[in-house]
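Asker: Below is the structure I would like to discuss, written out as structure tokens.
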């Protein structure tokens with residue numbers, strides 16, 4: 001058994017439908033909890049529409065490679081194509097952390113999967129939804145998610161808006 005934290009986001013097509021579809025699919029794959037949706041500005045050098053993001057916590061009989069394979073299956077089911085790095089997408093699912101059944105973090109520096117996610121500590125669109133879902137969350141090697149959010153530029157945190165609060 002292992003536990004994983006997955007970051008989900010998308011900014012093309014039916015953003016809500018793609019995220020909710022992925023969360024429903026995760027229900028059959030050990031979904032423990034899913035955050036509310038958050039709208040966030042795009043990240044990266046490509047001009048594109050805003051994203052909707054969420055965090056999912058899952059638990060099951062998968063190793064880190066198994067969680068990555070599931071992430072790719074979810075992306076494929078949503079019609080994800082990989083044409084432009086950091087470009088727009090229907091669904092992006094990143095494996096943020098994986099821990100063994102005893103809570104020990106799984107660490108990896110493999111090219112196909114670095115754990116914990118190498119940029120998660122810098123990304124408000126990952127940390128803010130994660131903090132809302134689990135106020136005691138810890139990003140291995142970086143510390144408490146609450147402290148990481150506090151250390152981010154306030155404008156980055158303010159730009160992550162709960163979807164239900166949008167007009």
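The values are calculated or read from the model by the stated rules, or taken from the named source; none is laboratory data. The structure presented is a predicted model; accordingly, all values stated were derived computationally and were not measured. Quick reminder, even Gly has a Cβ in these numbers, built from the backbone with ideal geometry, and neighbours come from all protein chains shown.
Asker: Provide a single number: the residues in region 88-102 that are over 13 Å from the mean Cα position of the chain (by Cα) and in contact (Cβ under 8 Å) with a residue 24 or more places away in the chain.
Answerer: Number of matching residues: 6.
Asker: Looking at the structure I just gave you, is residue 45 assigned to a loop (DSSP other than H, G, I, E, B) and at pLDDT 90 or above? Full working, then the answer.
Answerer: On the way: assigned to a loop (DSSP other than H, G, I, E, B): yes; at pLDDT 90 or above: no.
Answer is no for this residue.
Asker: Separate question: Of the numbered conditions (1) crowded, with 22+ Cβ neighbours inside 10 Å; (2) part of a loop (DSSP other than H, G, I, E, B), residue 88 satisfies every one except a single condition; which is it?
Answerer: Residue 88 satisfies all of (1) crowded, with 22+ Cβ neighbours inside 10 Å; (2) part of a loop (DSSP other than H, G, I, E, B) except (1).
Asker: Further, regarding this structure: Restricting attention to region 48-65, report how many residues are closer than 18 Å to residue 100 by Cβ and either assigned to a strand (DSSP E or B) or free of Cβ contacts under 8 Å to residues at least 60 places away in the same chain (or both).
Answerer: 5
Asker: Determine which member of the set 27, 36 is modelled with pLDDT under 95 and in contact with a helix residue (DSSP H, G or I) (Cβ under 9 Å, 6 or more places away or on another chain).
Answerer: The unique qualifying residue is 36.
Asker: If residue 164 meets every condition in (1) in contact (Cβ under 8 Å) with a residue 60 or more places away in the chain; (2) within 13 Å of the chain's Cα centre (by Cα) apart from one, which number is that one?
Answerer: Every condition holds for residue 164 apart from (2).
Asker: Report whether or not residue 7 is in contact with a strand residue (DSSP E or B) (Cβ under 9 Å, 6 or more places away or on another chain) and either buried (at least 22 other Cβ atoms within 10 Å of the Cβ) or over 23 Å from residue 113 (Cβ atoms) (or both).
Answerer: Yes; evaluated as a whole, the condition is true for this residue.
Asker: Separate question: Go through region 138-167 and give me each residue that's under 18 Å from residue 37 (Cβ atoms) and assigned to a loop (DSSP other than H, G, I, E, B).
Answerer: 159, 160, 166, 167
Asker: Any residue in region 124-136 that is in contact (Cβ under 8 Å) with a residue 60 or more places away in the chain sitting within a Cβ distance under 6 Å of a residue that is part of a helix (DSSP H, G or I)? List the pairs, counting only those 6 or more apart or interchain.
Answerer: 124/156; 124/157; 126/120; 130/145
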